[in-house]
Amino acid sequence: MSYLLPQYRSAVIEYEHQLGDVPEIVASGLLQTPRIEPLEWEAASAAGVRVSVLRLDRLHHTISGNKWFKLKFNLLLAKQAGHQCVMSMGGAWSNHLHALAWAGPLFGLKVKAVIRGEELHSQSNALLRDLHELGVGLEFVSRSRYRQYRMQSPLVDGCAVIPEGGDNLEGVLGATTMIPWKTVAEHGVSQVLMALGTGCSLAGACLSAPLGMRLTGVSALKGQWVSAAFSERMQNRVLSQFSPTNWQIDDLHHGGGFARADDCLLSFIHHFADNTGLNLDPVYTGKAMMALLDRVATGDIPAGSHVLFVHSGGLQGNRGFTNSE
Ligand SMILES: *Cc1c(COP(=O)(O)O)cnc(C)c1O
């Protein structure tokens, strides 16, 4: 951990130990180091670029990879504070809430979720049905009410509040453990590419990266504000004495905006899965992989590079892109 302040470095080590003391967590397999696999992909190898994939999507049968890392310290601290319940919020296909619904009970915590969209109900789609069946208390609110919730205090109705997307201090600290840098170094990786939403996962990755590593976040949201917001996040120096400059944001591959998927993207994902055996999602990882392909084609990722692609999961959301809903 090259950038993280010493007190946070110690906190992370301590939290990891404590997680290892929870039998349910150990039994879940979530503490295992995620695998790194080579990607056999003609489009990259023809250009002399090696690609390896960090399989966070395979970390657990249900809990989506990067979301676990943002949640784990939040849940540990809620449990240690004696809370019975955690509460969070998200949209109708939130990967974050999906992961939380499974992860909360591992800590003996009940889960409540505030869903954006007063028109929805517990049977509106496959995710909401999952949450309902897992015993998550669902509350459906209008867009304006939702915005108020986001600003509320750390406790609501006796439940510890975890912000949308798990994006808080504990989320970033958790994300510093997401990329197994030692293994990555053994593979000779020269740069990392991953999808970006709130930027919490990339922030953790940047703060924990070894010197010389370059990281690219491919924004799933439209607008140059994403890059400005991330820059501000890296400059605030809460977690680090320095402002890491080992990152860049690709804001050209949002595909029209958050959760928008055109035919080009959907057909790319389809053909990519046929050619490589790797499934991607249209909200995050599909766009990130398209960005990787473009960056190889333009030479932004030069021949001789070895790129680590972080497969951050999100496959549960694919159910929202089939016409069965
Ligand atoms: C949430 C999510 C991301 C974005 O993570 P942030 O920490 O919000 O930037 C990326 N990929 C997938 C699959 C996700 O579900």
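Values for this structure:
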| read-out | value |
| --- | --- |
| Segment 49-91, dipole about Cα centre (Lys/Arg Cβ +1, Asp/Glu Cβ -1), debye to the nearest 20 | 160 debye |
| In nm, spacing of pseudo-spin labels at Ser124 and Ala185 (7 Å Cα→C-beta vector) | 4.7 nm |
| For Leu5, distant residues with modelled amide H under 5 Å away | Ser240, Gln241 |
| Span from the segment 240-287 Cα centroid across to the segment 94-166 one, whole angstrom | 25 Å |
| Extension gain from Ala229 to Leu155, taking 0.36 nm per residue of separation minus the Cα-Cα distance | 24.0 nm |
| Burial order of peptide ranges 280-290, 303-313 (average beta-carbon count within 10 Å, highest first) | 280-290, 303-313 |
| No Cys partner within the rule (Cβ under 4.7 Å), the chain | Cys200, Cys206, Cys264 |
| Label-point gap, in nm, between Asn236 and Gln32 - each point 7 angstrom along Cα→Cβ | 3.5 nm |
| Cα-centre dipole for the chain with unit charges at Cβ (Lys and Arg positive, Asp and Glu negative), debye to 20 | 600 debye |
| Where N is the number of residues in segment 65-161, Cα Rg divided by 2.2 N^0.38 Å | 1.01 |
| Under the Karplus curve 6.51 cos²θ - 1.76 cosθ + 1.60, θ = phi - 60°, whole-Hz ³J(HN,Hα) for segment 176-181, x wherever Gly or Pro sits | 5, 9, 6, 9, x, 4 |
| Alpha carbon centroid spacing (whole Å) that separates segment 188-218 from segment 1-51 | 12 Å |
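Every number here is computed from the coordinates shown, using simple stated rules; none is lab data. Remember, predicted model here, so these are calculated numbers, not experimental data. Because the Cβ atoms are built from the backbone with ideal geometry, glycine has one as well, and the counts that use them run over all protein chains shown.
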